[in-house]
Amino acid sequence: MDLVIRDAVAVTVGGRSRGDVGIEDGRIAQLGGLMSAPRELDAGGRILTPGGVDGHVHLTPARFATAQGPGGWAWSDDFDSGTRAALAGGVTTVGNMSFAEPGTTIAAGIELDDSDARQMAVCDYFFHPCLLDPSPENLAAIGPLHAAGHTSIKFFLSLPAFDKNVNAFVKAMEITRAQGGIALIHCEDAAIIACCCRALLEADQVAARYYPDSRPVQAEAVSTHRAVGFSETTGCPAYIVHLSSARALAACQEGRSRGVPVYVETRPIYLHLTDEVFNTDDGARFAGAPPLRAQTDVDALWAGLRFGDVDTMATDHAPWTLAEKLDASLRADHLRQGVAELETGMAMLYSAGVLGGRISAEQFVAITSTNAAKLFGLYPRKGTIALGADADLVLWDDHHTRVIDGSTMYTKADYSPYDGRAVTGWPLWVFSRGELVCNEGKVAAAAGRGRLLHRGPHRSL
């Protein structure tokens, strides 16, 4: 063995066991029994989970770093700062959304993004090609991309171009299904959003506090019903990203009751915040798409996590600086969407969920790691503590309390939506392929050590 972690309570979706974990050549080589190594670490009976698999992040490639405006892709974090934030938060694998430049193909976008990530990423990564233009060239690229290990696509029902090209997007789902992949779908209805934004402008209700009214629950619910219908018709597994409301969740539950292969992701802000924050002077700092919802929606999502109706939590990490978020020139319908959550997402779920008694440690592992690894073709290399799996591991300190301060984090965003909140339960150690890359919140990892992951077919839960 290269390393032995002594006296850890290893948790998987199937249960937990206390003992030693042996690591060799970056993989888990032995669980329990006699073993020795030149390096040994004492876990002291603490909880050890698989590293987080965050299948939904937005890290900005260098070619988009100068993009301007709320529709641009110039989020604050690149592949270096973003993956360092991930490791600090216990996330050892990220799935980045890959956007091709206008006039190029989704395959070209993946190639360019990987050229950046190879030099900068400190944790392992994969890409979701984002299908903004379902051109014949892009539809033709889906099959070869799947063969190369990029076994997913993503598209947005929230964009006006969707309904103009709906037949081509449905065709993309058919191709994806035939290739063994999965479609990630952003569910908000473009026509409803346009109508609501127009009404706000006509009423001169353009302050940030009106942002939730620009993208109401019905926009998400109607769109989610459509996505479920597309999945049912094509047979293509559908992964509903960042689901925020009880009504949208009900649409997924109803589809699943008929055997439709639809899966649900939520994100931290929908578990820890409500739309009440928009009544403050700095409400724009919390803007995301969909917007924050009511307490009843928060409660529905926690119930969904507990009873298996919500499959994953991913951050949709899309950070801006506070000055950019609070730009006074932006109307309610054009606020910059997205917040930094990679460094806080797992700890807050562990704190409020596991330590708070809402979910078990086994459910936490499923929600943050195993389910995403299965859905995106990475299991069992990622997402579990088992012989032969990559030694991506997080040791949790149930007693460490930290007050969140976004200005001190690895993200280049200079704030957190949770600034000032005390959270108990943080990663003590984080291992990536057997390397101790984060020790008590301090990341020590060489740029470029992250690897592009070749994914297999989608695997149902």
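On the given criteria, is Ala422 surrounded by fewer than 23 Cβ atoms within 10 Å (Cβ to Cβ) and in contact with a Lys or Arg (Cβ under 8 Å, 6 or more places away or on another chain)? Before the answer, list the steps.
Working: surrounded by fewer than 23 Cβ atoms within 10 Å (Cβ to Cβ): yes; in contact with a Lys or Arg (Cβ under 8 Å, 6 or more places away or on another chain): yes.
Yes; evaluated as a whole, the condition is true for this residue.
The C-beta contact set for segment 146-164 (first residue surrounded by 22 or more Cβ atoms within 10 Å (Cβ to Cβ), second residue at pLDDT 95 or above and among the basic types (Lys, Arg), distance under 8 angstrom, 6+ apart or interchain) comprises His150/Arg455; Thr151/Arg455; Ser152/Arg455; Leu157/Arg226. Scan segment 226-249 for residues that are closer than 19 Å to Thr176 by Cβ and part of a helix (DSSP H, G or I) and the total you get is 9. Looking only at segment 304-323, residues that are surrounded by fewer than 20 Cβ atoms within 10 Å (Cβ to Cβ) and more than 20 Å from Cys252 (Cβ to Cβ) come to 3 in all.
Condition check ((1) within 18 Å of Phe156 (Cβ to Cβ); (2) surrounded by fewer than 24 Cβ atoms within 10 Å (Cβ to Cβ); (3) in contact (Cβ under 8 Å) with a residue 40 or more places away in the chain) across all residues:
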| site | (1), (2), (3) |
| --- | --- |
| Leu200 | no, yes, yes |
| Ala203 | no, yes, no |
| Val206 | no, yes, yes |
| Thr224 | yes, no, no |
| Ala227 | yes, no, yes |
| Cys236 | yes, no, yes |
| Ile240 | yes, no, yes |
| Glu254 | no, yes, no |
| Arg258 | no, yes, no |
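Taking the condition without any contact (Cβ under 8 Å) to a residue 24 or more places away in the chain and either in contact with a strand residue (DSSP E or B) (Cβ under 9 Å, 6 or more places away or on another chain) or among the acidic types (Asp, Glu) (or both), does Glu111 pass? Against the criterion (without any contact (Cβ under 8 Å) to a residue 24 or more places away in the chain and either in contact with a strand residue (DSSP E or B) (Cβ under 9 Å, 6 or more places away or on another chain) or among the acidic types (Asp, Glu) (or both)), Glu111 qualifies. Residues of segment 121-140 that are surrounded by 24 or more Cβ atoms within 10 Å (Cβ to Cβ) and not in a loop (DSSP other than H, G, I, E, B): Asp124, Tyr125, Phe126, Phe127, His128, Pro129. Scanning segment 279-292 for residues that are assigned to a loop (DSSP other than H, G, I, E, B) and closer than 23 Å to Asp189 by Cβ yields a total of 6.
Just one of (1) assigned to a loop (DSSP other than H, G, I, E, B); (2) out of contact with any helix residue (DSSP H, G or I) (no Cβ under 7 Å at 6 or more places or on another chain) fails for Leu59. It is (2).
I'm trying to understand the selection: among the residues of segment 396-419, which are assigned to a strand (DSSP E or B) and either crowded, with 21+ Cβ neighbours inside 10 Å or of a type in the set (Val, Ile, Thr) (or both)? Passing the criteria: Trp396, Thr401, Val403.
Among all residues of segment 451-459, there is at least one that is touching an Asp or Glu at 6+ places or on another chain (Cβ under 9 Å) and part of a strand (DSSP E or B).
The lone criterion from (1) over 14 Å from the mean Cα position of the chain (by Cα); (2) modelled with pLDDT of 95 or more; (3) of a type in the set (D, E, K, R) left unmet by Asp281 is number (2). Considering (1) touching a residue at least 40 places away in the same chain (Cβ under 8 Å); (2) out of contact with any Leu (no Cβ under 6 Å at 6 or more places or on another chain); (3) not in a loop (DSSP other than H, G, I, E, B), say which one Gly388 fails and leave the rest. For Gly388, the failing item is (3). Counting only residues that are of a type outside the set (Ser, Thr, Tyr) and part of a helix (DSSP H, G or I), segment 181-225 holds 24 of them. Residue pairs whose Cβ atoms lie under 9 Å apart, sitting 6 or more positions apart in sequence or on different chains, and linking a residue in segment 269-297 that is of a type in the set (Gly, Ala, Ser) and surrounded by fewer than 20 Cβ atoms within 10 Å (Cβ to Cβ) to a partner that is at pLDDT 95 or above and in a helix (DSSP H, G or I), are Ala294/Val217; Ala294/Ala246; Ala294/Asp275; Ala294/Glu276.
Somewhere in segment 233-255, is a residue within 25 Å of Val423 (Cα to Cα), of a type outside the set (D, E, K, R) and touching a Ser or Thr at 6+ places or on another chain (Cβ under 6 Å)?
Filtering segment 233-255 down to residues within 25 Å of Val423 (Cα to Cα) leaves 242-245.
Right, trim to of a type outside the set (D, E, K, R) and you get 242-245.
After this cut, where a residue has to be touching a Ser or Thr at 6+ places or on another chain (Cβ under 6 Å) as well, the list is 243.
Within segment 233-255 (the criterion being within 25 Å of Val423 (Cα to Cα), of a type outside the set (D, E, K, R) and touching a Ser or Thr at 6+ places or on another chain (Cβ under 6 Å)), the answer is yes, since at least one residue qualifies.
The values are calculated or read from the model by the stated rules, or taken from the named source; none is laboratory data. This one's a predicted model, so the numbers in the text were calculated from it and none came from an experiment. Note that each Cβ is placed from the backbone with ideal geometry, even for glycine, and that neighbours are counted across all protein chains shown.
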